[in-house]
Amino acid sequence: MPHILIVGAGQSGLQLGLNLLAAGMDVTIMSARTPEEIRGGSPTSTQCMFQPALQIERDLGLNFWEEQCPKLTAQRYNLGLPPDGYPDARQTTGEAAPPWLRTEVTPFTRAIRFTGPWEHYTQSVDQRIKMSSWLAEFENRGGTVIYQGVMTSDLDSLTALGRYDLTIVAAGKGELVGLFDRDASRSPYDRPQRALSCIYTRGMTFDPEYQDWAVSFANIAGVGEFFNMPGLTVDGDGMQPCNILLFAGFPEGPLGFHAWRERLSPTEHLDRIVRAMREYVPWEADLAGDIEITDPRPSLIGGYTPTVRHPIGHLPSGGLVLGMGDVVVANDPITGQGANNAAHSAHIYARHIIDNADGRYDEAWMQATFDDYWNYAKHPTVFTNAMLGQEPPEHVGRILAAAQAGHEAGKPVIAARIAYGYTTPSDLGWMLDPDEANKYLAEVAPEFATPAPANP
Amino acid sequence: MATPRTHPKVRPYVLTGGRTVTRHRLLVHTLVTVPYYDPGLAAAMLPEARTLYEQARDGCSVAELSALSGLSLGVTRVIVSDLAAAQRVRVHAETYGSPFDRRLLERVRDGLRALA
Amino acid sequence: MVSAHSPEHSTTTAKIVVAGGFGAGKTTLVSAISEIPPINTEAWMTTAGTLDDPLEPDSDKSTTTVAMDFGRRTLADDLVLYLFGTPGQQRFWPMWDDLCRGASGALVLVDTRHLDRSFAAVNYFENDSTVPFVVGVNMFHGEQTHRLDAVRQALSLHESVPLCAFDARDRAQVAGALVGVVEHSMARTARPAPPRPMAPALR
Ligand SMILES: Cc1cc2nc3c(=O)[nH]c(=O)nc-3n(C[C@H](O)[C@H](O)[C@H](O)COP(=O)(O)OP(=O)(O)OC[C@H]3O[C@@H](n4cnc5c(N)ncnc54)[C@H](O)[C@@H]3O)c2cc1C
Ligand SMILES: Nc1nc2c(ncn2[C@@H]2O[C@H](COP(=O)(O)OP(=O)(O)OP(=O)(O)O)[C@@H](O)[C@H]2O)c(=O)[nH]1
Ligand SMILES: [Mg+2]
């Protein structure tokens, strides 16, 4: 049986490690952090995972928290507009001031809202819980763990040593990605597109209209996006349900990077998040009367450039390593695809590794393995990058209006199709292309669709 | 660019003995010793493993092993963990459960005071 | 070497981390107290070029070397203290975590002429590490150029973090500073609830 080395103990690295271990392989994981450090540290994601990825975990017997974790049955869409309508993008120059630096604060209004039900639920288990437990589980099941902050120099000598037949780099967005060339043809952006500001809270109430767990999402015109994702997080030594709140701000907008530059204590951070909610998503702020932070390190602030990389890293001594997960395909979080992608990549890689157990893990095999994954990952990547524009294209505006009309008529077909698309991005072609969108709207829901404007 | 050096059929890196889980974490200052030096085994080892095995005879920390053998920390840890699994080296558990154990801190403080 | 010829013989090891910005005096401090010449090890990282001209093919890779040094001091027959100097660049945080894991305390060195160079190290111990730390002003000219409370303010250092000054070349002064580190760890770990960490940056 081959010896496999995996660098990075996140969603993709641990899932692959546990998968290969179950197949009887000799697997070593190098983790920069111990389970205690992961659990006691800051959150790393909002990690909403949809049915197909959750099913991969179930099939591997890794769904340890399925019953405790809130089951999210729908995706709620909202569009927030300033009182005077859609802002003119051309007028925004420079850095807009965040709510806490202004005397005048006008709450936005909800211009569009609809709910897309999911046939199968979505869940978000805090990666601090999941990765710390999976890492301990990996060790208990006989895997070898080495706690090591891996440098390129380590990879160079480790691959030269000949101890492992294959080395996979699953180190997320860390510095090790420097070993993998950016694929410019698949990476349209050269800088972070959203300023992320995320906090874990408890005490948020249900929307009185729905009374169930759901992902709530808002496009906020001229500002960015807001997410409220119920999940399961740490509670001292135990666990608790929570609401994970995330603002994704346009870089120059009022919630851009400049808004979060100060070093804030967790309670100061929560205070600012709530103030931003009062202005931009007041319908969410209404549910947040009594919220508090869940733990001493409840926040995550930052941003990164969505990037696709070439999958093979060449070390100076001749060794080769194969990238996986965010290392090779890092999408912006606004579509909630990254952890799902990581699960799919580990799943696909595991199949290729096991199928090739008697062969060589050479460069051609590495490329073919990644290419197989890219056949999946290209869909969420194209979708996510399309969503990073700051104003929805005209046809998307019509899709949203039609989805709302259907929702109001009690027939949420369009909303459900959108929600399904998040779980299965290969289905989203109809939404990304104006002609396809028109065709679909005309077919399934002519009564809800406003006609497309005549071509000029 | 050279070709990768491994081939599944010809495994250059073989260690004797069954694998047992090493529970002690290999921190940079963790002490490694050789409980019983076996020259025959040393001669049969890969150069990297042999270097470490011999270096550890005197007893030293993981970081010293790495520096004195000229091997990266990553390689050092992999080989030490293999050698430990085969019970060829001993990875010393921390004497006290925590680096903040009062007895440990008091001893370090007193030792440093003597130098101050 | 640590004498450990008999497997029964058990030596206790402890570790203190010495951090601080570029040129703050880490290596000097480790040499002052170590009984062996500080061992300098290097690791390197391939770094992607800056994305100033990002749509160009990625030819501009470079290699960044990080150096860490460590020294050793035998404090008793069966007690050895290791000192680890962290590499200056904070962005290689996995390496910092690795060096700090299991440390009994940390000393963050600052050079008052270049306080900014030590910001990353202070941030790391404030936000990303549970190792108690003390900030030490290295008096490059044998004298303090800044009052300590001015340094505290410039670093926006919490009042619970001790601040001291010493000459990194002087063994006795360094030992005294390390006593302070250990005492701070004793105090910090004896009572609960250190100051709340700040919101961390995305890694
Ligand atoms: C704010 C935010 C919100 C998000 N929300 C969602 C969401 O709702 N849904 C979704 O699907 N995705 C989401 N994502 C993305 C998702 O979290 C990631 O895509 C996913 O975790 C990637 O998994 P991975 O295994 O590739 O890497 P990671 O999960 O990042 O794991 C990498 C691991 O490698 C370790 N490591 C790094 N460097 C080294 C080194 N040198 N040596 C050793 N170990 C190292 C790290 O410590 C880490 O444990 C979000 C991301 C962010 C930032
Ligand atoms: N006069 C004086 N010079 C010092 C003192 N401490 C360090 N130096 C000098 O300052 C320079 C930098 O000191 P180092 O100890 O190499 O600093 P470092 O933190 O290890 O530096 P890097 O590893 O490069 O980040 C050297 O030339 C030292 O000789 C001091 O207390 N007084
Ligand atoms: Mg130095």
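The values are calculated or read from the model by the stated rules, or taken from the named source; none is laboratory data. Everything numeric here is computed off the predicted structure, so don't read it as measured data. In this analysis, Cβ positions are derived from the backbone assuming ideal geometry, glycine residues included, and neighbour counts consider all displayed protein chains. These accessible areas exclude ligands, DNA and RNA; they are computed on the full protein's heavy atoms, side chains included. Shrake-Rupley method; radii C 1.70, N 1.55, O 1.52, S 1.80 Å.
Would you check if residue A:58 is in a helix (DSSP H, G or I) and either open to solvent by 10 Å² or more (accessible area, probe 1.4 Å) or within 16 Å of ligand 2 (Cβ to nearest atom) (or both)? Yes.
Tell me whether the stretch C:181-188 contains one or more residues that are modelled with pLDDT under 90 and either within 30 Å of residue A:268 (Cα to Cα) or within 14 Å of another protein chain (Cβ to nearest Cβ) (or both). Break it down stepwise before answering.
Step one: filter the stretch C:181-188 for residues modelled with pLDDT under 90, giving none.
No.
Give the stretch A:161-170 a look and list any residue that's within 8 Å of another protein chain (Cβ to nearest Cβ) and either under 20 Å from residue A:343 (Cβ atoms) or modelled with pLDDT of 95 or more (or both), or say none. Break it down stepwise before answering.
As a first pass, look at the stretch A:161-170 and keep what is within 8 Å of another protein chain (Cβ to nearest Cβ): A:161-165.
Once the filter is applied, which keeps residues that are within 8 Å of another protein chain (Cβ to nearest Cβ) and either under 20 Å from residue A:343 (Cβ atoms) or modelled with pLDDT of 95 or more (or both), the stretch A:161-170 yields A:164, A:165.
Figure legend. Inter-residue proximity from the stretch C:13-35: first residues closer than 19 Å to residue C:180 by Cα and of a type in the set (Gly, Ala, Ser), second residues within 16 Å of ligand 1 (Cβ to nearest atom) and not in a loop (DSSP other than H, G, I, E, B), beta-carbon distance below 8 Å, spacing 6+ or different chains. Indicated pairs: C:19/C:96; C:19/C:124. Taken together, A:12, A:42, A:31 contain a single residue that is touching a Lys or Arg at 6+ places or on another chain (Cβ under 9 Å) and open to solvent by less than 30 Å² (accessible area, probe 1.4 Å), which is A:42.
For (1) out of contact with any strand residue (DSSP E or B) (no Cβ under 6 Å at 6 or more places or on another chain); (2) touching a residue at least 40 places away in the same chain (Cβ under 8 Å); (3) away from every other protein chain (no Cβ under 14 Å), each residue gets a yes or a no:
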position	(1), (2), (3)
A:369	yes, yes, yes
A:404	no, yes, yes
A:420	yes, yes, yes
A:429	yes, no, yes
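Does residue A:72 count as within 30 Å of residue A:361 (Cα to Cα) and either in contact with a helix residue (DSSP H, G or I) (Cβ under 8 Å, 6 or more places away or on another chain) or open to solvent by less than 20 Å² (accessible area, probe 1.4 Å) (or both)? Can you show your working first?
Working: within 30 Å of residue A:361 (Cα to Cα): no; either in contact with a helix residue (DSSP H, G or I) (Cβ under 8 Å, 6 or more places away or on another chain) or open to solvent by less than 20 Å² (accessible area, probe 1.4 Å) (or both): yes.
Spelling it out, it is not the case that residue A:72 is within 30 Å of residue A:361 (Cα to Cα) and either in contact with a helix residue (DSSP H, G or I) (Cβ under 8 Å, 6 or more places away or on another chain) or open to solvent by less than 20 Å² (accessible area, probe 1.4 Å) (or both).
Among the residues of the stretch A:346-369, not a single one is part of a helix (DSSP H, G or I), among the charged types (D, E, K, R) and open to solvent by less than 70 Å² (accessible area, probe 1.4 Å).
Filtering the stretch A:293-335 to residues that are more than 13 Å from chain C (Cβ to nearest Cβ), farther than 19 Å from residue A:349 by Cβ and assigned to a loop (DSSP other than H, G, I, E, B) leaves A:294, A:318. The number of residues in the stretch C:134-150 that are closer than 18 Å to residue C:180 by Cα and either at pLDDT 90 or above or within 16 Å of ligand 3 (Cβ to nearest atom) (or both) comes to 5. Just to be sure, is residue A:122 assigned to a strand (DSSP E or B) and over 30 Å from residue A:241 (Cβ atoms)? Considered against the rule, which asks whether it is assigned to a strand (DSSP E or B) and over 30 Å from residue A:241 (Cβ atoms), residue A:122 comes out as no. The residue pairs whose first member lies in the stretch A:41-55 and is farther than 22 Å from residue A:266 by Cα and not assigned by TED's automatic domain parsing to the domain that holds residue A:295, whose second member is in a helix (DSSP H, G or I) and aliphatic (A, V, I, L, M), and whose beta carbons are closer than 9 Å, counting only pairs six or more residues apart or on different chains, are A:48/A:339; A:49/A:339; A:49/A:343; A:52/A:343; A:53/A:339; A:53/A:342; A:53/A:343; A:54/A:343. Sort through B:73, B:26, B:41, B:65 and tell me the only one that's in contact (Cβ under 8 Å) with a residue 60 or more places away in the chain and under 26 Å from residue A:142 (Cβ atoms). Sole residue among the options that is in contact (Cβ under 8 Å) with a residue 60 or more places away in the chain and under 26 Å from residue A:142 (Cβ atoms): B:26. Looking only at the stretch C:131-150, decide whether some residue is more than 30 Å from residue C:10 (Cβ to Cβ), crowded, with 20+ Cβ neighbours inside 10 Å, more than 11 Å from ligand 2 (Cβ to nearest atom) and within 14 Å of chain A (Cβ to nearest Cβ). No, the stretch C:131-150 contains no residue that is more than 30 Å from residue C:10 (Cβ to Cβ), crowded, with 20+ Cβ neighbours inside 10 Å, more than 11 Å from ligand 2 (Cβ to nearest atom) and within 14 Å of chain A (Cβ to nearest Cβ).
For the stretch A:125-149, how many residues meet the condition of being part of a helix (DSSP H, G or I), of a type outside the set (A, V, I, L, M, F, W, C) and surrounded by fewer than 24 Cβ atoms within 10 Å (Cβ to Cβ)?
Result for the stretch A:125-149: 6.
Looking at this structure, is residue A:279 part of a helix (DSSP H, G or I), over 25 Å from residue A:5 (Cα atoms) and away from ligand 3 (no atom under 16 Å from the Cβ)?
Numbers: part of a helix (DSSP H, G or I): yes; over 25 Å from residue A:5 (Cα atoms): yes; away from ligand 3 (no atom under 16 Å from the Cβ): yes.
Here the answer is yes, as residue A:279 does meet what is asked.
Only one of A:325, A:289, A:336, A:303 is open to solvent by less than 20 Å² (accessible area, probe 1.4 Å) and in contact (Cβ under 8 Å) with a residue 12 or more places away in the chain; which? Outline the logic, then answer.
Values: A:289 fails: open to solvent by less than 20 Å² (accessible area, probe 1.4 Å); A:336 fails: open to solvent by less than 20 Å² (accessible area, probe 1.4 Å); A:303 fails: open to solvent by less than 20 Å² (accessible area, probe 1.4 Å).
Criteria check complete, one pass: A:325.
Against the condition away from ligand 2 (no atom under 16 Å from the Cβ), open to solvent by 10 Å² or more (accessible area, probe 1.4 Å) and either within 14 Å of another protein chain (Cβ to nearest Cβ) or of a type in the set (Val, Ile, Thr) (or both), how does residue A:278 come out, does it pass? No. Residue selection: residue A:119 fails the criterion of being acidic (Asp, Glu), open to solvent by 20 Å² or more (accessible area, probe 1.4 Å), within 24 Å of the chain's Cα centre (by Cα) and facing chain C (nearest Cβ under 9 Å).
When restricted to residues that are within 9 Å of chain A (Cβ to nearest Cβ) and either β-branched (Val, Ile, Thr) or not in a strand (DSSP E or B) (or both), the stretch C:62-101 contains 14. Here residue A:109 passes the criteria (1) open to solvent by 30 Å² or more (accessible area, probe 1.4 Å); (2) of a type in the set (S, T, N, Q); (3) touching an Asp or Glu at 6+ places or on another chain (Cβ under 7 Å) except the one numbered (3).
State yes or no: is residue A:401 open to solvent by 10 Å² or more (accessible area, probe 1.4 Å) and out of contact with any Phe, Trp or Tyr (no Cβ under 6 Å at 6 or more places or on another chain)? Yes: the conditions hold for residue A:401. Counting only residues that are more than 9 Å from every other protein chain (Cβ to nearest Cβ) and open to solvent by 60 Å² or more (accessible area, probe 1.4 Å), which one in the stretch B:89-116 is nearest to the chain's Cα centre (by Cα)? If we take residues in the stretch B:89-116 being more than 9 Å from every other protein chain (Cβ to nearest Cβ) and open to solvent by 60 Å² or more (accessible area, probe 1.4 Å), then B:97 is nearest to the chain's Cα centre (by Cα).
Is the stretch A:88-101 home to any residue that is within 14 Å of chain C (Cβ to nearest Cβ), away from ligand 1 (no atom under 13 Å from the Cβ) and farther than 30 Å from residue A:163 by Cβ? No. Within the stretch A:9-19, does at least one residue satisfy the condition of being modelled with pLDDT of 95 or more, more than 16 Å from ligand 2 (Cβ to nearest atom) and over 28 Å from residue A:242 (Cβ atoms)? The answer is yes, given that some residue of the stretch A:9-19 is modelled with pLDDT of 95 or more, more than 16 Å from ligand 2 (Cβ to nearest atom) and over 28 Å from residue A:242 (Cβ atoms).
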